[in-house]
Each structure stands twice: as structure tokens, then as C-alpha cells.
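The values are calculated or read from the model by the stated rules, or taken from the named source; none is laboratory data. Model, not experiment: these values are computed from the prediction. Counting neighbours? That spans all protein chains shown, and the Cβs are built from the backbone with ideal geometry, glycine included. The accessibility values were calculated without ligands, DNA or RNA, using every heavy atom of the protein model including side chains. Shrake-Rupley method; radii C 1.70, N 1.55, O 1.52, S 1.80 Å.
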Amino acid sequence: MQVSSLQQLIAERILREGPISFADYMRMALYEPGYGYYVTGEAKMGWEGDYFTSTDVADLFAHCMGRQVKKMWEQLGQPARLGVLEQGAGRGDLAQQLQQWATTYEPALMAALDYRQTDIKTGQDALVTVDDDTFTPAIILSNELVDAFPVYVVEKQGDTLYEVAVTIANGRLAETLVEMDSNTLIDYLESFKVPWHTFPDGWRAEINLDALVWMERTCQILAGPNLQRKRHGFILAIDYGDVAGKLYSIERRHGTLSSYYKHQLTDRPLVRPGEQDITAHVNFTALIQVGRQQGLRLHSLTTQGQWLRDNGIDDELDQIRQRDFGAIDTDRASNQGQTALLQWYNLRQRVSALTDPMGMGNFKVLIMKR
Ligand SMILES: C[S@@+](CC[C@H](N)C(=O)[O-])C[C@H]1O[C@@H](n2cnc3c(N)ncnc32)[C@H](O)[C@@H]1O
């Protein structure tokens, strides 16, 4: 077996400390400075990378986000300056496509918009945000950020909930079950009334403690430094995931951990550390709970498919049909008309991918406000 430097680093740590938690493994695989999947050079997202996200599928996703931002701006009373912070922005496609849309269709919004992006890759970790008093976002957005945070993995056997740890067996990284040295993970599940005792042996689940930290920090950024005069605004987070009752259920007995390598979904997160993405579905009930503790209210939790429809995806399609595909009606038999028809089908197909309840349409969109 060829051993990468990161594998070596992980193995050395295990030899030093004994088995490490899956969360520690995932943190090294994704974020180890100089080696981790998200902090090293090459293209990870997009058609040449390991997976694609909604902005790769069609600009219309960003247009709908633009419409959503406009609604929020209006609800805030159309302030002259609207700070928008996008966390985990990756390549910046959402920012670019949204601002391009606003420039053409919503110049007044564009004039107010101060849109900033951050990403761990450029040194801004959303979990250790340093307050920037000069920038006051009223909207904080993220798309597929929280599912990338390291998770603990637990497995039920008999009456016991064990933690899945990472060790070395036969010269390779391997899973092992260990007893927990604190009640944190059990307390987490019990706080959502997960009846794990009643589940069959082998039942597994992931627990994302960083998501709680992130939500708390994000609420605090939104509120601003003056505790007497907390600012108004919105947090919008899109991700794979569900409410706790559905996520931690018998139907999901294998958990939701997935790895992506060159567009292939794999269930082997321990191979190729640093070279493949690892994600787990987000517990939206946990985010809502933290948001409420921080004084926010739930505005909506819906699916991406529904959210896109609520934010005008059909209207966007109609406009494009009229603007760019007139040849389909006027000149259908010509080469130009045929090409237009095929391009139109292609666009329709892409919109279906974004809204498909069995695919990206089943992402959840959480909006909280204060
Ligand atoms: C799945 S990608 C999504 C990228 C982009 N939002 C999109 O939709 O194409 C996850 C992004 O989150 C970033 N990220 C992961 N953990 C982060 C953290 N703790 N703070 C800031 N960014 C993070 C990664 O570098 C990556 O760009």
C-alpha cells in the first residue's frame, strides 16, 4: 500500500495517543494544515473535481438566492447598506452569479449590497471567527458548509452506545469501537429524545458538535458587539440534513457519513485521507435550538425544491425562455431553432436536478431571524 504523508501523520498520532475519535480523524483528513482536503491546492468542486454543488448546476440557483436576499432587504426596511456574509464560499460562484444578476435586474439592491465571502481555504475558519467591527452583516449565508464539519460517530451494541474511533490494523487505518469517556454524545442524543436503546445493534449516527459552536458564533456575529442593541437580520443555511427525529431514526440505521472521490460516492472514509471529501447530514433541529437560545426565531425550514419555487425559479425559467429561446417558436425547423431547443431541454434538466426531491431538491434550507 502506498502511504501518503497525511496517512503517515495520522498513523503517527495513533501510535502516540492510541485510537483517535472519528471527529479527530475527519478534522485531519479535511483540515490538517498543508495536507487536508479543504486546505490544499487543487480543484475539489465543480465538474473536474470530486463533486458539484448547486451553483455548478445552474446560475438560476444564485438568481433565486438573489430574490431571497432582496426579500430580506425589504423586510429590514431597505437599509442603504446591506452587509451579506457568505461563509464557506469555496470558489465564489454564488457571490459572483448573484451579484451579476443583481447588477442587471435589481440595481437598487446592488447599490446597497456589500457582499463578502470567507472560506477556511483563505484562512477564515467560520468556527473561529474574529469579529470585524467594520463589517456588519445583516444576512449570513452558507451552502454546504456545516456538512463539512468533523463529526463524531456512535454505534449501538447491546445496551451500550460506543464511539467509533480510528486505529491501525494490519498496517491500515481501521475502525474500532471504544467506550466513551464522557456523556457528551449520549446527552446530545438524549436532548433530542432519540430512543437509541430501542434501535437494533449496529445502529449508527453522526454527531456534529462543531455545528453547535458555528451556530452560536454566527448568531453572535449577526447580533453585533453591542449587547444592548442587537442588530436585526437573517441566517440562511442550506445543507444535506433533516430534523433530529428523522435523522436519528431506524430508517437511517447506517448513519449518513459519505465520501466523494471524483464524483463517486464511497462508503470508505478511511481510505485516501486528504484526497476525498467526507460529509455527514446536518441535524437542523440542533441548529434551530442553538439559534433560539441566542434569541433568534425560526423563519422557515423547507426543502431546496420548495425554497427555489418560493423564490421564483419558474418565473426565472419563463424569463429565460422568452429572452434567449425565441428561435424555438419562430424558427423551430432551422439549425438555430433545433440548437435552441436542445439547450432549452438542457436548462430544464438542470432545474429538475436542483429541485428533484430525490436529489438536490431534498437539501434543507433553514432561515432564522432576529
Ligand atoms: C462543500 S464545499 C461548498 C462550497 C460552496 N459553498 C458551494 O456551494 O460551492 C464546503 C466549503 O466549506 C469550506 N469550509 C469547510 N469548513 C470550513 C470552516 N470551518 N470555515 C470556513 N469554511 C469552511 C470549504 O473550504 C469549502 O469551500
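Some points to look at:
- Screening the stretch 286-323 for residues that are open to solvent by less than 40 Å² (accessible area, probe 1.4 Å) and of a type outside the set (A, V, I, L, M, F, W, C) and picking the one that is nearest to H232 (Cα to Cα) gives G291.
- Scanning the stretch 125-137 for residues that are closer than 17 Å to A89 by Cβ and open to solvent by less than 70 Å² (accessible area, probe 1.4 Å) yields D125, A126, L127, T129, F135, P137.
- Within the option set L247, L227, L209, being surrounded by fewer than 18 Cβ atoms within 10 Å (Cβ to Cβ) and in contact (Cβ under 8 Å) with a residue 24 or more places away in the chain holds for one residue only, L209.
- Restricting the stretch 17-57 to residues that are modelled with pLDDT under 90 and small (G, A, S) leaves a set whose member that is nearest to G123 (Cα to Cα) is G41.
Quick grid of which residues meet (1) at pLDDT 95 or above; (2) closer than 28 Å to R204 by Cα; (3) in a helix (DSSP H, G or I):
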position	(1), (2), (3)
S249	yes, yes, no
T256	yes, yes, no
R272	no, yes, no
L287	yes, yes, yes
T302	yes, yes, no
W307	yes, no, yes
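- Filter result (touching an Asp or Glu at 6+ places or on another chain (Cβ under 9 Å) and either open to solvent by 80 Å² or more (accessible area, probe 1.4 Å) or part of a helix (DSSP H, G or I) (or both)) within the stretch 348-370: V351, N362
- Given (1) among the polar types (S, T, N, Q); (2) crowded, with 22+ Cβ neighbours inside 10 Å; (3) modelled with pLDDT of 95 or more, number of the condition Q78 does not satisfy: (2)
- Test: T256 is in contact with a Ser or Thr (Cβ under 7 Å, 6 or more places away or on another chain), within 24 Å of V154 (Cα to Cα), within 16 Å of the ligand (Cβ to nearest atom) and open to solvent by less than 40 Å² (accessible area, probe 1.4 Å): no
- Unmet requirement for L85, which otherwise passes all of (1) within 8 Å of the ligand (Cβ to nearest atom); (2) in the same structural domain as L236 (by TED's automatic domain parsing); (3) touching a residue at least 12 places away in the same chain (Cβ under 8 Å); (4) open to solvent by 10 Å² or more (accessible area, probe 1.4 Å): (1)
- Some residue of the stretch 107-116 being surrounded by fewer than 22 Cβ atoms within 10 Å (Cβ to Cβ) and within 30 Å of Y35 (Cβ to Cβ): yes
- Looking across the stretch 180-206 at every residue that is charged (D, E, K, R) and outside any strand (DSSP E or B), the one that is surrounded by the fewest Cβ atoms within 10 Å (Cβ to Cβ) is identified as D181.
- Long-range neighbours under 9 Å by Cβ, at least six apart or interchain, first residue more than 10 Å from the ligand (Cβ to nearest atom) within the stretch 89-104, second basic (K, R): W101/R67; A102/K70
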